[in-house]
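Let me begin by presenting the structure, written as structure tokens, before commenting on it.
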Amino acid sequence: MLLSEIAARLNCSVTGDSDPEIHSLSGMEQASPGQLTFLANPKYGHKVKASQASAIIAAQPSPHIPTLISTNPYLDFARALEFFYQAPQLPAGISPQAFVSPTASIGVGASIAPFCYVGDSVKIGRNATLHPHVVIYAGAEIGDDFLAHSHSVVREFCRIGNRVILQNNTVIGGDGFGFAKRADGSHHKIVQSGITVVEDDVEIQSLTNIDRATMGETRVERGAKVDSLVQVGHACVVGPDNILCSQVGLAGSTILKKSVLLAGQVGVSGHLTINDNAVVYAQSGVGHDVEAGTIVSGSPAFDFREWRRAVTAFPKLGEMVRTLRDLESRLKSLEESTPQNEQ
């Protein structure tokens, strides 16, 4: 595909003396002739000259290489990838090696692979794709354009919107972790009678659990993206357009408002709210509400600017303690050597 053809499909312009043929895309340092790359962060602009790519997507023209001019180079790079890569498609229809309950309703255009299970009274919209070993429990309701990769599970009565993607081994609506302690110290399991609701345009990555609520619902709102190895506890709300990176853990009844970003290994204690556009840096522990638009870090988490000063000082604490003890010792010696009538 010519660079000019890619630009037309992306509604972008092109600068440069040539119109190279593009056969694939690559990162700047790995690119070879015939490939298209991108520059999203200007601080890496010095690397463009050394790149072997035939063209680049960037916000400004490059003197070294034909440039596809974009107001959002990373987004247009992602869009261009779709021109060159298409995942293998399952054949249309329901495999005779799948089990679909006669009481289930499956929309037109479905592709259901061998060894899938779809339980009683399940409703699935149009153009669903279920890869091998997907399990949909009884009473679940799922919208259009659903994509479930192998070994993902949707539990009983849960509800999923349109254009939702479940990567391998995700569990939607597993039991919340709830037990009541008996007088003898043993534990009585609390029935998890609620559901999990996943709204439109959500993607949930591999080995992630979105627990069902004890009562009511756990909800993942429109456009949220949840990475692998994330645990969302019962009755949590993951707000619209949230990003939850790998190994995040939300204790029960946590509420995340709009466009919250939790970096890797963030832990959040339950019954608190993280408000709109807040950012929590990696490995932080959040034990209190977080105000809108703030950035926090550390465990317990606090303002990231104070945290940066604190972690800069931390390696020096031993030296500071030794200096303080030395000063205390000198002051004590000075006091002991000063005559009483001079004090």
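The single condition from (1) assigned to a loop (DSSP other than H, G, I, E, B); (2) in contact (Cβ under 8 Å) with a residue 24 or more places away in the chain that VAL197 fails is (1). Just one of the numbered conditions (1) surrounded by fewer than 12 Cβ atoms within 10 Å (Cβ to Cβ); (2) touching a strand residue (DSSP E or B) at 6+ places or on another chain (Cβ under 7 Å); (3) β-branched (Val, Ile, Thr) is not true of ILE106: (1).
Contact annotation: residue pairs with Cβ atoms under 8 Å, 6 or more positions apart or on different chains, pairing a residue in region 59-87 that is part of a loop (DSSP other than H, G, I, E, B) with a partner that is basic (Lys, Arg), are HIS64/LYS49.
Across region 129-141, the number of residues qualifying as closer than 14 Å to ALA98 by Cβ and crowded, with 24+ Cβ neighbours inside 10 Å comes to 3.
Any chance you could count how many residues in region 214-239 are in contact with a strand residue (DSSP E or B) (Cβ under 7 Å, 6 or more places away or on another chain), in a loop (DSSP other than H, G, I, E, B), within 18 Å of GLY176 (Cα to Cα) and of a type in the set (A, V, I, L, M)? Result for region 214-239: 2.
Across region 308-330, a minimum of one residue is classified as modelled with pLDDT under 90 and under 26 Å from the mean Cα position of the chain (by Cα).
Of note, VAL280 does not satisfy the criterion of being β-branched (Val, Ile, Thr), closer than 20 Å to VAL197 by Cα and either surrounded by fewer than 19 Cβ atoms within 10 Å (Cβ to Cβ) or in the same structural domain as GLY176 (by TED's automatic domain parsing) (or both).
Return a yes/no flag: does region 142-157 have any residue that is farther than 17 Å from ALA98 by Cβ and outside any loop (DSSP other than H, G, I, E, B).
No.
For region 26-44, the set of residues classified as surrounded by fewer than 15 Cβ atoms within 10 Å (Cβ to Cβ) and farther than 17 Å from LEU3 by Cα consists of GLU29, GLN30, ASN41, PRO42, LYS43, TYR44, listed by residue number. Only one entry of VAL164, VAL100 meets the criterion of being at pLDDT 95 or above and closer than 27 Å to SER228 by Cα, and that entry is VAL164. Scanning region 201-220 for residues being surrounded by fewer than 21 Cβ atoms within 10 Å (Cβ to Cβ), among the acidic types (Asp, Glu) and either within 18 Å of GLN167 (Cα to Cα) or not assigned by TED's automatic domain parsing to the domain that holds ALA278 (or both) gives a total of 2.
Look at region 124-142: where a residue is under 16 Å from GLY93 (Cβ atoms) and a partner is surrounded by fewer than 19 Cβ atoms within 10 Å (Cβ to Cβ) and polar (S, T, N, Q), sitting 6+ places away or on another chain with Cβ atoms under 6 Å, you get THR129/SER111; HIS131/SER150; PRO132/SER150. For region 103-114, does any single residue satisfy the condition of being without any contact (Cβ under 8 Å) to a residue 24 or more places away in the chain, more than 30 Å from PHE157 (Cβ to Cβ) and more than 30 Å from the chain's Cα centre (by Cα)? No, that holds for no residue. Taking the listed residues ASP184, ASP120, the one that is surrounded by fewer than 17 Cβ atoms within 10 Å (Cβ to Cβ) and in contact with a Ser or Thr (Cβ under 9 Å, 6 or more places away or on another chain) is ASP120, with no other qualifying.
Restricting attention to region 69-93, the residues that are closer than 11 Å to CYS12 by Cβ and of a type in the set (Asp, Glu) add up to 1. If I filter region 35-57 down to residues being among the aliphatic types (A, V, I, L, M) and touching a Phe, Trp or Tyr at 6+ places or on another chain (Cβ under 7 Å), which single residue comes out as modelled with the lowest pLDDT? Out of the qualifying residues, it is ALA40.
The values are calculated or read from the model by the stated rules, or taken from the named source; none is laboratory data. For clarity, every value in this text was computed on a predicted model and none was experimentally measured. Note: ideal-geometry Cβ built from the backbone for every residue, glycine included; neighbour counts use all protein chains shown.
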